[in-house]
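The values are calculated or read from the model by the stated rules, or taken from the named source; none is laboratory data. Everything quoted here is computed from the prediction, not taken from an experiment. Cβ placement follows ideal geometry from the backbone for every residue including glycine, while neighbour counts extend to all protein chains displayed. Calculation scope for accessible area: heavy atoms of the full protein, side chains included, ligands and nucleic acids excluded. Shrake-Rupley method; radii C 1.70, N 1.55, O 1.52, S 1.80 Å.
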2 protein chains.
Amino acid sequence: MSDRVRAANKNAEKALRADGRRNRERILAAAEELIASDGAQASLEAIARNAGVGSATLHRHFASRGALLEAVFRDGVAQLCARAADNPGTDPGAELAAWLEELTVYAATHRGLAAALLAAPDVVPEQVCCTAMVREALDGLVARAAAAGALNTGVSTGDLLLLANAIGVATEADPATAVRLLRLAMAGMGRPRRGP
Amino acid sequence: MSDRVRAANKNAEKALRADGRRNRERILAAAEELIASDGAQASLEAIARNAGVGSATLHRHFASRGALLEAVFRDGVAQLCARAADNPGTDPGAELAAWLEELTVYAATHRGLAAALLAAPDVVPEQVCCTAMVREALDGLVARAAAAGALNTGVSTGDLLLLANAIGVATEADPATAVRLLRLAMAGMGRPRRGP
DNA sequence: ACCTGAACACCGTTCAAGT
DNA sequence: ACCTGAACACCGTTCAAGT
């Protein structure tokens, strides 16, 4: 999986001439910065301007806003997802909860990511996309948690993904609130907690 | 409260000349339609065009996109909030849950509302705004539920508002999913439910 | 192969000029 | 008092012309 991601990045970088590759990096750096400050709706024109390239060059490298967002977040999301498989622990429920918090914090601290994940997948078949990576990582954790009886009946991977993204969008740039809200939703808001 | 709302609308309508009032209604009708189909980011230009007025006229009536969204949703939200006070029931926890579901469904079926509620309040002092109405209505329900011990410790009105809006944004135009997600979050996702 | 500058259609905002 | 048309600065997308 992480191999697939690395291969996809190699493809995007290797097939370019030296100047093309340099421009691509500049665009990504500018995009990262502007998305951090302006959110997912950051102006593509401004990104191209900051990168010192024409707007047509940006569109040549990234056919759509979604493609650019994917490229900006792919590495970070891949690392996050790799961590989901690392834990060989003994408490699947706690591991699921901990990883969901990581995902939510990551979404809340990377403006535009949650919005991108929420958007219709828009997946070119065979393409490695953030949504697919996250879903795959989460699927494993959910399966183990469910097998251990640590998950409420009727809760699916899609539910948890939707919840984490919803909270990520709603609390963008406020990770503390994001985590608090996620924990409350996991534990339940409608009745007093029992025990420690 | 509902009086304040009615007064605010009277103010906005009464002080206008006949043609101004007619244009205002046309703009609101066009806005309702386009926001329903395009979401909260609907083009103001297109709204003015559909209403048959110049774009400057739209800006004269509604100084900002937020002001227009407020006007579009104010009546519906006021009715929703009025219903929060109607119930003299005996199960505050259930009443809170039921009203939160109503709010979430309303948000999910009125594209743009949740996004508008999530946006920074941006409240002109003394102005009746949707956020304030909802918060006031919810405050009452929360207080009664908390007094009855039906609410998880540490859950505030703001938490529930944020959660409902987050789910509303994430599931826009899919009220069934919105309700399912809200119920799961209220009951808790992280452990099996007990009893009926 | 990759880039640029320019063109196109659109947008939100503002203002002078109308009635 | 309220409206309009026009102007301004911006945007995303596309394309012919360059190297």
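Could you please give the count of residues in region A:129-149 that are more than 14 Å from chain B (Cβ to nearest Cβ) and either buried (at least 19 other Cβ atoms within 10 Å of the Cβ) or modelled with pLDDT of 90 or more (or both)? Let's see the steps before the verdict.
Residues of region A:129-149 more than 14 Å from chain B (Cβ to nearest Cβ): A:129-130, A:132-137, A:139-140, A:143.
Remaining after also requiring either buried (at least 19 other Cβ atoms within 10 Å of the Cβ) or modelled with pLDDT of 90 or more (or both): A:129-130, A:133-137, A:139-140, A:143.
Of the residues in that region, 10 qualify.
Taken together, the residues in region B:150-170 that are open to solvent by 20 Å² or more (accessible area, probe 1.4 Å), part of a helix (DSSP H, G or I) and at the interface with chain A (Cβ under 7 Å from one of its Cβ atoms) amount to 3. Checking each residue in region A:88-103 for being open to solvent by less than 60 Å² (accessible area, probe 1.4 Å) and not aliphatic (A, V, I, L, M) picks out A:Gly89, A:Pro92, A:Gly93, A:Glu95, A:Trp99, A:Glu101.
For every residue, the table says whether it meets (1) open to solvent by less than 50 Å² (accessible area, probe 1.4 Å); (2) closer than 30 Å to A:Gln41 by Cα; (3) at pLDDT below 95.
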residue: B:Asp19; (1), (2), (3): no, no, yes
residue: B:Asn23; (1), (2), (3): yes, no, yes
residue: B:Ser37; (1), (2), (3): no, yes, yes
residue: B:Ala42; (1), (2), (3): yes, yes, yes
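Each residue in region A:168-183 was checked for being modelled with pLDDT under 90 and of a type in the set (D, E, K, R), and 1 of them qualify.
Starting from residues that are within 11 Å of DNA strand C (Cβ to nearest atom) and more than 14 Å from chain A (Cβ to nearest Cβ), keep the ones in region B:32-42 and report whichever is farthest from B:His110 (Cα to Cα).
Quick first cut of region B:32-42, residues within 11 Å of DNA strand C (Cβ to nearest atom) only: B:34, B:38, B:40-42.
Remaining after also requiring more than 14 Å from chain A (Cβ to nearest Cβ): B:34, B:38, B:42.
Numbers: B:Leu34: 11, B:Asp38: 11, B:Ala42: 13 Å.
Going through the qualifying residues, I end up with B:Ala42.
Scan region B:88-111 and tell me whether some residue there is within 29 Å of B:Gly20 (Cβ to Cβ) and in contact (Cβ under 8 Å) with a residue 40 or more places away in the chain.
Kept after step one, since they are within 29 Å of B:Gly20 (Cβ to Cβ), are these residues of region B:88-111: B:110-111.
If we keep only those that are in contact (Cβ under 8 Å) with a residue 40 or more places away in the chain too, we end up with B:110-111.
Looking for residues that are within 29 Å of B:Gly20 (Cβ to Cβ) and in contact (Cβ under 8 Å) with a residue 40 or more places away in the chain, one finds at least one in region B:88-111, hence yes.
The combined condition, being surrounded by fewer than 19 Cβ atoms within 10 Å (Cβ to Cβ) and within 10 Å of another protein chain (Cβ to nearest Cβ), is fulfilled by B:Arg180.
Give the number of residues within region B:62-84 that are within 11 Å of DNA strand C (Cβ to nearest atom), over 13 Å from B:Gly112 (Cα atoms) and not small (Gly, Ala, Ser). Let's see the steps before the verdict.
Pass one, region B:62-84, residues within 11 Å of DNA strand C (Cβ to nearest atom): B:62-68.
From the residues that got through so far, the ones that are over 13 Å from B:Gly112 (Cα atoms) too are B:62-64.
Add one more test, that the residue is not small (Gly, Ala, Ser), and what stays is B:62.
Counting residues in region B:62-84 that are within 11 Å of DNA strand C (Cβ to nearest atom), over 13 Å from B:Gly112 (Cα atoms) and not small (Gly, Ala, Ser) gives 1.
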